[in-house]
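Structure first, then comments.
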Amino acid sequence: MTRALPIRELSLFVGLLVAVLAVYAAMGAAYSTRMLVEAACYAILALGLTIQWGYAGQFNAGVMGFVALGGFAAMFFSVPINPAFWNSEMPGELGRALLALVASIMLIYGATRLDRLGIPKRLRTLIAIILAVVLYLVVISMLRDVTGEIESRAGFIGGLGLPAWVGWIFGGMLAGGIGYFIGRICLGLRSDYLAIATLGIAEIIKAFLKNSDWLTRGTATVSPLPWPTPGARDLGFVLARALYLSVTAVVIAVIFFLLHRAYHAPWGRMIRAIRDNEVSAAAMGKDINRRRLEIFVLGCILMGIGGAALTSFNSIFNPQGYLPLNHTFLVLVMVILGGPGNNLGTIFGAVLVYIIWIMSEPLALFLMENAATLGQGWFGWEDPGNLDSRALQARVFVIGLLISLVLRYAPKGLIPEKVPRYN
Amino acid sequence: MNELVFFINNVVVSGTVSGSIYAMGAIGVTLVFSIMRFAHFAHADMMTLGAFVVLLLTTLFPEVGGVVGLPSALLLLPIAMAVTAVAAVGIDRTFYKPLRAHDVKPIVMVIASLGVTLMLQGLIRLFAGTGSESLYIAERKDIFRIELPFELASRPIVVTEPQIILFVFAIVAVVSLHLFLSRSRLGKAMRAMSDNPDLARASGINTNTIVAVTWVIAGSLAAAAGTLLSLDVAFKPDLSFFLLLPIFAAAIVGGVGHPYGAIAGGFVVGFAETLAVFNWSVLLRPIRDSFPEWLELPSNLALVGTEYKIVVPFFILVAILVWRPTGIFKGKVI
């Protein structure tokens, strides 16, 4: 069953190493180390998706939303405190609005339980809906007043001034919480619904972060975000980035180790049994929906952590910078190409695809410029002018083509999941 | 009365506009689902593709419409519908059919359709750039102001030419789809295949033909909806982005696999969106004086701001999934 020397894996990783060294030789150490750090952050995201898609067959089309939540948490916990906000009476007002929010949620929840007191169900539903609409309008107008004041007087509420890793942990928790909400609704139904719902929640999270200027400064962006390691000013670019890389590498190693143990534990066997044959797993007495929810939330937590690490590294929180293309489909390609359900394959896929992705931009530009010059020389074409942005659009096409080709010709990935057989 | 006119202009007209667009999109999604059993994510991009073909044709022949007094884009729409239908069948042959032949899980088809989405988006943006362009190239958009015969209503009801075209087209499309599904042999075969594919195959229905016909209907309706929407506002390459979620919400609200439900769902979602962003304090203004002292009317009583419009279809989706996953017309649970 196990070969003495895993030749396939070894040769693939040696090839990857050669590619990384080639990038180092071509682009310089600072640039290449930055690329590696980003690839490492994407590897955390890809591990999150490989749990969901590879282990359990759930398709999450909204990785971007969970990444953005992680990024928001990293920003909120690590940015310095804003005295213009805390030294005024506005925290109290905001607290009152939030208390009103909590109180109205409890009131509405109470109203949905009125049938226990002997009130007919139809009347209960009517009361609950009317109460919900009225309280919603009251709370939303309170919040509008407070947030408007914060925006005009203090800019935004600032951060909490805590170390960056606190933000990473809370980013994971926040993403996991939203994942729980989505999973509760959709996981009992067919997997298509999950894809639609995650796609929607990702856009909503982005819209919220973009338009809540009081919380995130919206399009004005927040920067710089502190790093968990000494910054470039103390150590220089290469060393600082290498230090950051080692932090993310430790995070990946911990996640990898835990996942490896979980995968080979009875829990992992149960998860795979549910993925491969739901009916027989249910017949063996496994609580399918509960396990699915576990897996989905776990994947979302990893995405939150990865998103927080990525945002901290970029040192800027820009809600508009979260693109479905980069943060959802690129991660999807990493997982499918690397090998869904195989953690080593996922990490391999993450680094490989990220190198291709980063290098494709100069390459595409180079190709298009050549084509434009040739076209001008041979046929007298007019240069469209905005080649840069068009080269970027070419990448959208390439990612889509890559997804289709991999699904068609290599659905198990370059390093497929090893299914152990016991004779 | 002016408040009522404001309500009609802002809710009734625009709700009907977006409702018709969503309905035409949702019919396609629901048909594709009922024949091929997967959620087709590239549908909104087929709409953009159709609008893009119209844009190309209109740029080539901007004067065509002047001959019969209609916008050129409308006159060129049938060609674009045909092109999109052929493209839809081609996409199916190249990308979906091999996967179907391998008998993959439906979710893999969903991922493949996301791949197609990205390819279409990339191609359209590669050629059209990223800015927005009006489909009225050589003509002017006609705007009709209907004066009301009441004394108190000094403001007119405003309807634009593309909106009227859209209403007429939506009604014609729905009626002809109904006739096709209920009267023609092919339509009946389609319904049979939607109910039970194995039985349909066993009784001699050519499933390949049915699949192709489904794509032709879905593709041409998508092209029409995309074009009519772009006529009303403007052509944008990221049009699909704002359409995808409402279309799916509409299809699920109406009950998946249920073409008439999709129409109803489209209007439910369209009206819910416009009602949610409508500022209700405008309607309450005439009766403001009769309110008690302590009740102060805020100036903005909209349920959600326009920037959060996308929340509305999502909320409807979640509500319907929680309370009635089969949709209002008892469709299938996918």
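The values are calculated or read from the model by the stated rules, or taken from the named source; none is laboratory data. Since the model is a prediction, treat every value here as computed from it, not as a measurement. Heads up, the Cβs are rebuilt from the backbone with ideal geometry, glycines too, and the neighbour counts pull from every protein chain shown. Surface areas here come from the heavy atoms of the whole protein model, side chains and all, with no ligands, DNA or RNA. Shrake-Rupley method; radii C 1.70, N 1.55, O 1.52, S 1.80 Å.
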Among the residues of region B:106-162, write down those that are assigned to a strand (DSSP E or B) and basic (Lys, Arg).
-> B:Arg145
Could you list, in sequence order, the residues of region B:313-324 that are in contact (Cβ under 8 Å) with a residue 12 or more places away in the chain, within 19 Å of the chain's Cα centre (by Cα) and either at the interface with chain A (Cβ under 10 Å from one of its Cβ atoms) or open to solvent by 80 Å² or more (accessible area, probe 1.4 Å) (or both)?
-> B:Pro313, B:Phe314, B:Leu317
Going by the structure shown, is B:Ala223 closer than 27 Å to A:Tyr193 by Cα, in contact (Cβ under 8 Å) with a residue 12 or more places away in the chain and assigned to a helix (DSSP H, G or I)?
-> yes
Test: A:Gly57 is assigned by TED's automatic domain parsing to the domain that holds A:Ile336, part of a loop (DSSP other than H, G, I, E, B) and open to solvent by 10 Å² or more (accessible area, probe 1.4 Å) | yes
So, first residue within 7 Å of chain B (Cβ to nearest Cβ) and closer than 11 Å to B:Ile111 by Cα in region A:391-411, second residue hydroxyl-bearing (Ser, Thr, Tyr) and in a helix (DSSP H, G or I), Cβ within less than 9 Å, six or more apart or across chains; the pairs are A:Gly400/B:Thr117; A:Ser404/B:Thr94
Examine region A:216-224 for a residue that is open to solvent by less than 60 Å² (accessible area, probe 1.4 Å), within 11 Å of chain B (Cβ to nearest Cβ) and touching a residue at least 60 places away in the same chain (Cβ under 8 Å), and state whether such a residue exists.
-> yes
Confirm whether B:Met1 is modelled with pLDDT under 90, open to solvent by 10 Å² or more (accessible area, probe 1.4 Å) and within 30 Å of B:Met109 (Cα to Cα).
-> no
Filtering region B:149-168 down to residues that are in contact (Cβ under 8 Å) with a residue 60 or more places away in the chain and either in contact with a strand residue (DSSP E or B) (Cβ under 7 Å, 6 or more places away or on another chain) or under 25 Å from B:Ser72 (Cβ atoms) (or both) yields B:Pro156, B:Ile157, B:Val158, B:Val159, B:Thr160, B:Glu161, B:Pro162, B:Gln163, B:Ile165, B:Leu166, B:Phe167
Scanning region B:108-126 for residues that are closer than 25 Å to A:Ala56 by Cβ and free of Cβ contacts under 8 Å to residues at least 40 places away in the same chain gives B:Val108, B:Ile111, B:Ala112, B:Gly115, B:Leu118
Given the conditions (1) touching a helix residue (DSSP H, G or I) at 6+ places or on another chain (Cβ under 6 Å); (2) at the interface with chain B (Cβ under 10 Å from one of its Cβ atoms); (3) in a helix (DSSP H, G or I), which single one is not true for A:Tyr180?
-> (2)
Listed residues B:Ala112, B:Ala101; which is within 14 Å of chain A (Cβ to nearest Cβ), among the aliphatic types (A, V, I, L, M) and crowded, with 23+ Cβ neighbours inside 10 Å?
-> B:Ala112
Under the condition of being among the hydroxyl-bearing types (Ser, Thr, Tyr) and open to solvent by less than 10 Å² (accessible area, probe 1.4 Å), which residue from region B:4-62 is farthest from A:Asp192 (Cα to Cα)?
-> B:Thr58
Could you tell me which numbered condition A:Pro340 fails, if it satisfies all but one of (1) outside any helix (DSSP H, G or I); (2) of a type outside the set (Lys, Arg); (3) surrounded by fewer than 24 Cβ atoms within 10 Å (Cβ to Cβ)?
-> (3)
